[in-house]
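Here's the structure we're looking at; comments come further down.
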Amino acid sequence: MTLALDRTAQDLLFREAHTAHTFSDEPVSDEQIQAVYELVKYAPTAFNQSPLRITLVRSAEARDRLLKHMAQGNRPKTSTAPLTAILSVDLEFHERLPELLPHAPDLKDTFFSEAEVRETSGTFNASLQAGYFIVGVRAAGLAAGPMSGFDRHGVDKEFFGDGTQKSLLVINIGKPGEEAYRPRQPRLTYEDAVTTL
């Protein structure tokens, strides 16, 4: 089987990439995260809606605000990671559709006029973008520690008080620290996961 990516890139992005649980104290720069974003912004989304929003938690004050909403087991690694990002869905993404989908400027007022439709579509598409973001972090030579163990309602109230964004995922980002990785868990085989009809 031939893949376009060479073996080194495959390993970096997939085979040798693990969820990191500890991080070194080497900082993660704004330039690194911007480079990641400039790569992953091309992730496919329905109608090019691009609903993912990324909130970078850098200051001690912001980190303290986040830590109180993290699950107990996720607090130590979140408190010491060089950078933490809150990935959220913008529930008002439709307001940008005339810019992002200029050939269908009325779509925001027709297909996405109802809040429930926006939340369902936005959450799904922002989740796709979140997966690309994790791969982008790996492509930058950084480790990602994605977590779903946090109080979403608390984070939303704390950081997105106006209700227009809902958190999806919290990700610690940085160079891996000592004993950063747990043993790789099994994955389903091709035969278990793929059906041909």
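The values are calculated or read from the model by the stated rules, or taken from the named source; none is laboratory data. Bear in mind the structure is a predicted one, so any value in this text is a computation, not a measurement. So basically every Cβ, Gly included, is an ideal-geometry build from the backbone, and we count neighbours across all protein chains shown. Ligands, DNA and RNA are excluded from the accessible area calculation, which covers all protein heavy atoms including side chains. Shrake-Rupley method; radii C 1.70, N 1.55, O 1.52, S 1.80 Å.
When each pair of different Cα atoms in the stretch 22-98 is counted once in the 1/r mean, what is the Kirkwood radius in angstroms, to one decimal?
Kirkwood hydrodynamic radius for the stretch 22-98: 14.4 Å.
Per DSSP helix of 4 or more residues, -39500 (n - 2.57); summed, then divided by the residues of the chain. What does that give at 222 nm, rounded to the nearest 500?
-10000 deg cm²/dmol
What's the long-distance tail for the stretch 1-51, i.e. % of Cα pairs beyond 15 Å?
The calculated P(r) of the stretch 1-51 puts 71 percent of pairs beyond 15 Å.
Which one, F111, Y37, V170, projects farthest toward the positive side of the charge dipole computed for the chain from Cβ point charges (K/R +1, D/E -1)?
Ranked along the dipole, the leading option is V170.
In the chain, which longest range has no GluC sites (Glu not before Pro) that are both DSSP loop (not H, G, I, E or B) and surrounded by at most 11 other Cβ atoms within 10 Å?
So the longest stretch without any such site is 1-113.
Pick out which of D25, D156, D106 has the largest mean-square fluctuation in a Gaussian network model of the chain, springs linking Cα atoms closer than 10 Å.
The residue with the greatest mean-square fluctuation here is D106.
What whole number of Å gives the distance from the Cα centroid of the stretch 1-64 to the Cα centroid of the stretch 136-197?
Cα centroid to Cα centroid, the span is 10 Å.
Taking all protein chains in place and a 1.4 Å probe, what share, in percent, of the accessible surface of the chain do carbon and sulfur account for?
Whole-percent figure for carbon plus sulfur exposure: 55.
I need the per residue convex hull volume for the stretch 70-133, using only the alpha carbons, in cubic angstrom as a whole number.
115 Å³
Could you run the Karplus curve 6.51 cos²θ - 1.76 cosθ + 1.60 with θ = phi - 60° over the stretch 176-189 and give me ³J(HN,Hα) per residue in whole Hz, x for Gly and Pro?
x, x, 5, 6, 6, 10, 8, x, 4, 7, x, 10, 5, 6
Could you give me the ³J(HN,Hα) list for the stretch 155-165, computed from phi with Karplus coefficients 6.51, -1.76, 1.60 and θ = phi - 60°, whole Hz, x at Gly and Pro?
Residue by residue, the stretch 155-165 yields 5, 4, 5, 5, 10, 10, x, 7, x, 8, 10 Hz.
Are there chymotrypsin sites (Phe, Trp or Tyr not before Pro) in the stretch 1-61 that DSSP puts in a loop and that have at most 15 other Cβ atoms within 10 Å, and which ones?
Listed in order of number, the matching sites are Y42.
So, for the chain, what is the accessible surface per residue at a probe of 1.4 Å, expressed in square angstrom?
Dividing the accessible area of the chain by its residue count gives 59 Å².
Could you give me the ³J(HN,Hα) list for the stretch 23-33, computed from phi with Karplus coefficients 6.51, -1.76, 1.60 and θ = phi - 60°, whole Hz, x at Gly and Pro?
Computed from phi, the couplings for the stretch 23-33 are 9, 6, 8, 5, x, 10, 7, 4, 5, 5, 5 Hz.
With springs only between Cα atoms under 10 Å apart, run a GNM on the chain and tell me which of G174, G136, G161 wobbles the most.
G161
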